[in-house]
1. So between PHE630 and ASN191, what do we pick up on full extension, going 0.36 nm a residue minus the alpha carbon distance?
2. When the accessible area of region 357-482 is split by element with a 1.4 Å probe, what percent falls to carbon and sulfur?
3. Using the Karplus equation 6.51 cos²θ - 1.76 cosθ + 1.60 (θ = phi - 60°), what ³J(HN,Hα) coupling, rounded to whole Hz, does each residue of region 315-320 give in order, writing x for Gly and Pro?
4. At a 10 angstrom cut-off on C-beta neighbours, averaged per residue, how do the peptides 105-111, 303-309 rank from highest to lowest?
5. Going by average Cβ neighbours within 10 Å, how do the peptides 732-741, 420-429 rank, with the highest at the top?
6. For LYS118, give me every one of the aspartates and glutamates with a C-alpha distance below 17 angstrom, ignoring sequence neighbours fewer than eight places off in its own chain.
7. What is the ratio of the Cα radius of gyration of region 492-607 to 2.2 N^0.38 Å, with N the residue count, to two decimals?
8. Quick one: which residues, 5+ away or cross-chain, put their amide H under 5 Å from the amide H of GLY820? H built at 1.01 Å from N.
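The values are calculated or read from the model by the stated rules, or taken from the named source; none is laboratory data. All of these numbers come straight from a predicted model, not from anything done at the bench. Reconstructed Cβ throughout: ideal geometry from the backbone, glycine too, with neighbour counts over all protein chains shown. Remember, those area values only see protein heavy atoms, side chains included, never the ligands or the DNA or RNA. Shrake-Rupley method; radii C 1.70, N 1.55, O 1.52, S 1.80 Å.
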Amino acid sequence: MYEMEKKNLRHFSDYITRFLRPSVIKNFMTVYLDKEIVESILSKEMTSVTTAAQMLLDQMCYLEDMGWFQAFLDILLASEYTGLHEAIKEWNFQELEELNEHRRFLERIEPSITKHMKPSELLAHMSGCLKPIECEEIRAVSLLLNMLYRSAQARDESQRGRIAASEKLVTSLLRSDKPNWFKLLKIALENCDLDEALDLLETSNTSSVCLSEAMMTTVSFEYREEPETEDMLMSSNNTSVIEEPGGFTGKPERSGERKLREYQKELTAAAVKSQNTIICAPTGCGKTIVALAISDYHLKQFPERAKIVFLATKVDVYEQQYKLFKEHFFSKDPNIRVTGMCGDMDYLSVRWLIENHDIVVMTAQILVNALQSSEVPSLEILSLILFDECHNTTGKHPYNNIMTRYLDTKLNSSTHSLPQIVGLTASVGIGSFKNELEAENNILQLCANLDTRVITTVTEHKDELKSYVHTPEKAFFEVKQCMSHPFIRIIKNIMSNIEQLAQKTFNMENLSNIQSREYGSQKYEQWIVSVQKSCRVLQMKNADEERRICRELYNYTEHLRKYNDALIINEDARTKDALDYLDAFFDQVRNAGYDETERKLTALYDCQRPQLLRLATEGDQNPKLDELRFILEEEYHNNDQTRTVMFVKTRALADAMKKWIDETDSLKFLKPGVLIGKGRKSNFTGSGMTPNNQKGILDSFKSSDQSKMLIATSVADEGIDIPQCNLVLMYEYVGNVVKMVQVRGRGRMEGSRCFLISSNKDRIAKEKINMFKEKMVEEAIEQLQSRPADLSNKVDMLQREDKARRDHISASPEKPKTQGSYELLCSKCKRFACMSDDIRVVLLFTILKKTQQYLKTFKLQDLPLLKIESFVVQDCVTRRQHYFRKWRDVTFAMREFDMTEITAEACRTAHL
């Protein structure tokens, strides 16, 4: 598999290694390569970037994972290797080859030119050919060397820092894959009046400055309608590139402009009039294309001051939308500067990105953090904010945090220049409601939160919309519940025995208010959470006894949790899958080195396992699986090109369903992929999927016949485009109205269907109620649109009421942080971990995490990163214990990290 790609990577390795820096695409490496190999490549990069890049290519040639090559292309584009991305995508390195003359010339004059450069001034003019991380590193070089050499020779050392930063700048340019880097360097030197450096550049002959006209080709762009490719950037308007022979000395000529469908034009109507609006339209109608059109118009309307931010709720959606924005504007106008930033890129400066780019695609929390730290002083530096999946603008969601700041600025001042707000969503059916009036009130609250008085929907071109957007046919399959099974009775009996053992240690009934609980239910999981929470702050006179009891109770409840999970898996999957889940848990327990309590609990399981194994292999099939197998066999018999997305509640169930399909003869041809969220690491279930993992699975599902089915948790129900899907299965998967619309909308193809499979009558009834509520929301929107003055007045009233509540809360005096000394104890066993005085807050030096690779500076990334939720905080004076889930909630003061706490010896070592 991928033999052609591997062959080409080897063939063109000399080109690729000149430009590629492995650390920039570290996320790709950590997904597809072993940890030891990644560390070896990054270590080699400190001494030779080219050699490290070759090591990476060598390792990539051994990859067999599905989707790895597309993931490589995607990470190149996301990391702003636009030239290298295009060259590898087309296997045409001619444009990169043409950069060699400039590179060789700059290498020759590097010792001279670096003495006459001022990187801090030049960077403001060079964002077009340098990556954001490179700009940050160049600044950091100068900053760090100046910090390390504060002495009487300050002036000389400042010069040394400037030259070092200049050398780093030149190194970055020599590895730049941007065709205009040489030109931008000359312009930057000229703008900064660095005449001596500019003179050195201009001593080159004309051939090294100008591209040969004979090498140029005319590029024209042809747009055509292709309604079947909704996930592509052009969706209805794909782009084809045609090379024409002959010379060309002007700008590339474009033979056509993108033509929006009529209903898409209707959706842009309010936004292009600079009105704040919520655009509500079905999944699959091309809302992202509408956002691109709005951004395009905004840039033309405000060419001098346009600053656009597109916000996404999740990293996987960010990756998808950033790629679309990047490709669209790169093909339309390369001078429009588009960049992106998500959670794992906190080393970048948000303000710098905004100031040096026209459009920034980012996850919402990035902007929230920048506003809270005052790095971004105000939303007024922006001119347009686009909120993807804007129905999330409620409660404590980052979207609402941003809009709260927006509204406070608006309502506190009569003079402001706040950005235009545009929200995009498939449904505004938020919150709980029983009638149309309550639905209207919820929609009005969303409008108030987003400061909009216009709801934009398709009203005039509904027939055209219906011709492109296909709502899947909905059907319900009620399956009889699995009858009582000996496996279930044995597991419940084990759980009862564990509860009795725990009661002998401590009366658990006093630790939770949840009295009514049933084995194998979500209620039982809630009871476990409640008991563990109370146990964390359980205090006794004898500290050793307290530690023993807390540790034992934690072990008992964790084992109860796993048995409860196994019952839930058994209800929806095979008994074998439930047993495999328990086996994996106990393997982890044994390998971790267990104590007396865990030995006792393991023995309890081992005693019953032979009988459980017999029941798992000889028992009857789950009736729900029989129904599911019948549905899949029937659908693929009628249409062997069917593409299925099945939604399930948990990751454990997703894994179990994949195993069942892989082991079922009539279904194993489906080769299902599993798509789950990032989530947290778990001791017993592993970690979630990284964005690159998700990309590989999605790409395999979208673009090949290797996988005909996708099994997904809630990560795929919102925002992710899966255009090939024509069958959506909801396996015991029901939510609210918004979730129903989003899940159903995964079926994009004409003739798509959506089936709910459940043994729970209440669950089926809830979904039918959701369908009724969807109609109620549509009617509520129509009513609000027919009364624009009333809508505006009610939005104003809601905003004033919300502002009064916020002012009341902010007027309450904030409890000051205490300066006392506290002990941090393990929340599981109450053993001492550290003192509060030992904790430092790292704020200003986050940038050093990335600079260590080329400066060998302080390894701040090796310092322990503490999660307060893993500890109990005990006052050293009162001995009272507290539990906090977030660092922001702690009641004691913490010192900021200070560079002077690094020893002189460490400083000297860092500089060597």
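1. Details: separation 439, 0.36 × 439 = 158.04 nm, distance 7.09 nm.
Full extension from PHE630 to ASN191 adds 151.0 nm.
2. Details: 2340 of 5150 Å².
For region 357-482, the apolar C and S fraction of the accessible surface comes to 45 percent.
3. 4, 5, 6, 4, 4, 5
4. Details: 105-111: 14.7, 303-309: 16.3.
Taking the mean over residues of other Cβ atoms within 10 Å, the ranking is 303-309, 105-111.
5. Working: 732-741: 21.4, 420-429: 25.3.
Most protected by this proxy first, the peptides run 420-429, 732-741.
6. GLU110, GLU134, GLU136, GLU137, ASP156, GLU157, GLU167, GLU190, ASP193, ASP195, GLU196, ASP199
7. On the way: Rg = 14.4 Å, N = 116, 2.2 N^0.38 = 13.4 Å.
Rg over 2.2 N^0.38 Å, computed on Cα atoms: 1.07.
8. For GLY820, whose amide H was placed from the backbone, the distant partners under 5 Å are ALA893.
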